[in-house]
Every structure is written in C-alpha cells, then in structure tokens.
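Worksheet for the structure shown next.
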Amino acid sequence: MPRPVRSISMRSDIVTDIRALAHPRTAPPNAPASGSAGYQPLRCRGEVRLPTPFAVDVARLLDIDPAVEHWRCQVPLAEARCVAEFVTHGHGGEEHLLLASPDRTRLEPISLPSGTRIVTDADIDSVRLDNAKLILPYARWRVSLDDRVRLLAVLDEESSVTLAECLGIFRHTSRPVAAVASLALARVVDMDLDEPISSRTRVIRREA
C-alpha cells in the first residue's frame, strides 16, 4: 500500500508558509538585489531589456511556461523592419513575440515572418501572472538533496501531493513552500499554476 504522507499537526503552519511565499521579508539566498520590482529573469539568454511593465509581465509568464526552454529579448526582425520584444525557443521551435502598440496595428500580417504574433493585454492570464510573481523570487532557493529525494520518493508512491502535505515532507528547510517553488522552476516537479496558489495546490512529478 502507498505510504501515507506525514500529517500536518498545525494548520497555522500552512497559513504562515503560504503567506511567507506571497510576502517574502528577505531575499532568497544568492538572489541578485536589482531588477524590475525585484524580478530577475530566469530563462533569458543575453542582455535583459524590459522597458515597460507589460514587457516584464510577459517575461514572467515566459519563465513559467513549460513550452519555453529559453528566450531572448529585443531581437531585430529584418523582414518586418521592426524589433521583436521576445524570441522564444522550445520544443515547438522558435516564436517571435511583438508587444501590442499603436504602430504595430499598421503592420501587415503578410510582412511578418512565420512564427510571429502580436501579444496584447488579452493574452495575459492574470492568475498565472500572479502565481509567477509569487514563485519566481525563489528560483535560486537552495533545496537539500535529502529533501529533493524525499519529495520525489513520495511523488513516486502518491502521484501527487498538496503544498500543505509538503510541509510534512521537507526536513532541512524552514520554508518548504519556497523549496517546492524552486523545484518547480527547476522543472523537477510541476505545480498547478492555473489556479491561485493555496495549501491545496497540487504538486506532481514532472514527466521525463
């Protein structure tokens, strides 16, 4: 029979750790101090140039997009005589993203190279963006090998666990939820980011 996950004795522990994730009082270990509202791009290659809050929001969403392996910003498109704010690379190939602006509405679709699309406010998933803002500060959070193996062993038996249950799995960190966020961003595990993060958020093992 599957080994039961160790129970959580104090509900207040769950609330405290979830609140700490949402409102960190100190920077994660090794995290740079500068950035747009504390944001440090995770999967950007090359120079980081995010001139607007909208560009920062899109970058955050790209960082948590499982289909994106890495991205670059401010890449000239000779065919369209403009600059793509983002170029993403992943299993689906390369995609050029142009952020919506008044002058972009005058671009003829035929003048854009294949794999190019214009991103508007309507493309921003507010729930995923909020979740990205919560977990990205912990991309460089240190997780001990013991805790990593312990979580993966439980996931092998249970298929999935909740964030609340993770509090009973980790033993070498004072911030289990931050540790899970770090492992999710490292793509060791998957978190459900389509719903607001809570104690019931599911964590599953990432398929190889």
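FYI, it's all coordinate maths here, none of it is from the lab. The model shown is predicted, which means the values in this text are computed figures rather than measured ones. Every residue, glycine as well, gets a Cβ built from its backbone with ideal geometry; the counts of neighbours run over all protein chains shown.
A few remarks follow.
- Local electrostatic count, ARG148, Cβ distance below 14 Å [Lys/Arg +1, Asp/Glu -1]: +3
- Cβ-based exposure ranking for LEU145, LEU129, in which fewest neighbours within 10 Å come first: LEU145, LEU129
- Straightening the chain between SER198 and ASP125 buys 24.5 nm, computed as 0.36 nm per residue apart minus the Cα-Cα spacing.
- Each residue of segment 152-159 was assigned a 3J(HN,Hα) from its phi angle through the Karplus curve 6.51 cos²θ - 1.76 cosθ + 1.60 (θ = phi - 60°); the sequence is 5, 5, 5, 5, 4, 8, 9, 6 Hz, with glycine and proline shown as x.
- Ordering ILE135, ILE118 from the fewest to the most neighbouring beta carbons within 10 Å gives ILE118, ILE135.
- Built amide H within the under 5 Å cut-off of LEU77, gap 5+: CYS82, VAL83, ALA84
- Net length gained if the chain between LEU152 and GLN74 were fully extended (0.36 nm per residue, minus Cα distance): 24.3 nm
- Long-range amide H partners of HIS70 with built H, under 5 Å: HIS89
- Listing ASP192, ASP123, ASP156 from fewest to most neighbouring C-beta atoms within 10 Å gives ASP156, ASP123, ASP192.
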